[in-house]
Amino acid sequence: MSLTSAIVALAVGVILPVLLSTSLGIVRLASGAKSEDIVFGVLVLSFAAAAFGSAIVVTVLLGKRARVARLQADFTANISHELRTPLASIRMYAQTLQMGRLDGDPKRTKESLEIILRETEWLEAMIDRVLAWRAAAGDREQPEMEIGSMRVAVESAVARFERMVAPGEVDLSVTIECDTPVLHDADGIGSLLLNLLINAYKYSGSDKRIAVTLEDTGEHVELSVKDNGIGIPEDRVGRIFDPFYQIDPGSRGGSSGVGLGLAIVRHQARSHSGEVYVESEEGVGSRFSVRLPHSIAEKIEE
Ligand code: ADP
């Protein structure tokens, strides 16, 4: 029996007896002149209320389990798809090289090796995404926080992203306007930025323009990623940071994803005492900005 049919059976199996006992209790209370009638009526009503309350609790718990089971099934299907896509490409290019089809064509041999390396970077990024979420969800992380400029973290995430895309495929601009000290974990900020860059790439058309900016707004240090992609419908903006939430998976940007990228971004922003914001217009693009507080050490110096 599936969880859904168990929930339906429970609801029907309890509602009918509860309704009957409630009517019986009311009738005995209304018509009873004797004290036994009143006691019997109250007992029947209390029993009905207890049975109804328990049924609601069990239904809610079963419903939660059904939701988790569905999420797990979707997640397994999505992650398999995410991993299979680069793997298929790696296998195809490796087999072509193995069969010697490109012998004597050094240019195409080099191109094939570059594609294999790029796809390997995607695979690694996908695996890191899942591991980052596992660490975040289990609070197993022990981030190494240091006070300093975020420049190095930003530059290394950008360099990693550049290894994932073909030369000239993305018009990427990086503006680092400040070296303001921030208490941060370089790996965490790197993962946050890489996730934003991957999304900017996935949810943009073929003419991809992405701008990364690190600036000091006076109140915060702000790290932002702006794209010229498909944008986010206004009514979905409030939900995109929820774990496993995806907008029309498959039909947007032709990418299935697993719905964890932005949940990781929000988790990282908050574990740095910051917050993530989004401005977006459908068909025009999106700008995700992460605002982090200045380090306390800097405030003391002022
Ligand atoms: P996914 O694995 O689906 O990319 P995310 O948590 O990273 O999961 O994002 C949640 C949803 O938000 C995505 O399904 C996508 O539709 C939307 N989204 C995220 N980033 C962008 C972006 N830069 N432009 C348009 N839509 C975006």
Cβ pairs under 8 Å, 6+ apart, first in the range 221-245 and assigned by TED's automatic domain parsing to the domain that holds GLU177, second more than 9 Å from the ligand (Cβ to nearest atom) and of a type in the set (Phe, Trp, Tyr): PRO243/TRP133; PHE244/PHE75
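How many residues, within the range 138-159, are open to solvent by 30 Å² or more (accessible area, probe 1.4 Å), assigned to a helix (DSSP H, G or I) and more than 25 Å from ARG84 (Cα to Cα)? Lay out the reasoning, then the answer.
Narrowing the range 138-159 to residues open to solvent by 30 Å² or more (accessible area, probe 1.4 Å): 138-147, 149, 151-152, 155-156, 159.
Restricting the remaining residues to those that are assigned to a helix (DSSP H, G or I) gives 151-152, 155-156, 159.
After this cut, where a residue has to be more than 25 Å from ARG84 (Cα to Cα) as well, the list is 151-152, 155-156.
Qualifying residue count, the range 138-159: 4.
Just for the range 168-196: of the residues that are of a type in the set (A, V, I, L, M, F, W, C) and farther than 23 Å from SER273 by Cβ, which one is most open to solvent (accessible area, probe 1.4 Å)? Before the answer, list the steps.
Residues of the range 168-196 that are of a type in the set (A, V, I, L, M, F, W, C), as a first pass: 170, 172, 174, 176, 178, 182-183, 186, 189, 192-194, 196.
Right, trim to farther than 23 Å from SER273 by Cβ and you get 170, 172, 174.
Working: VAL170: 24, LEU172: 42, VAL174: 64 Å².
Of everything passing the filter in the range 168-196, VAL174 is most open to solvent (accessible area, probe 1.4 Å).
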What pairs come out if I take residues in the range 123-139 that are of a type outside the set (S, T, N, Q) and pair them with residues that are modelled with pLDDT under 90 and away from the ligand (no atom under 14 Å from the Cβ) whose C-beta lies under 7 Å away, six or more apart or interchain? ALA135/GLU141
Residue list for the range 92-121, filter: within 23 Å of PHE161 (Cα to Cα) and outside any helix (DSSP H, G or I): none
Counted residues, the range 200-239 - those being loosely packed, with under 15 Cβ neighbours inside 10 Å and assigned to a strand (DSSP E or B): 1
Residues (surrounded by fewer than 14 Cβ atoms within 10 Å (Cβ to Cβ) and either modelled with pLDDT of 95 or more or aliphatic (A, V, I, L, M) (or both)) located in the range 59-86: VAL60, LEU61, VAL68, ALA69, LEU71, ALA73, ALA77
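The values are calculated or read from the model by the stated rules, or taken from the named source; none is laboratory data. The structure presented is a predicted model; accordingly, all values stated were derived computationally and were not measured. Backbone-built Cβ (ideal geometry, glycine too); neighbour counts: all protein chains shown. The protein model used for the area step is the full one, side chains on, heavy atoms only, and it has no ligands, DNA or RNA in it. Shrake-Rupley method; radii C 1.70, N 1.55, O 1.52, S 1.80 Å.
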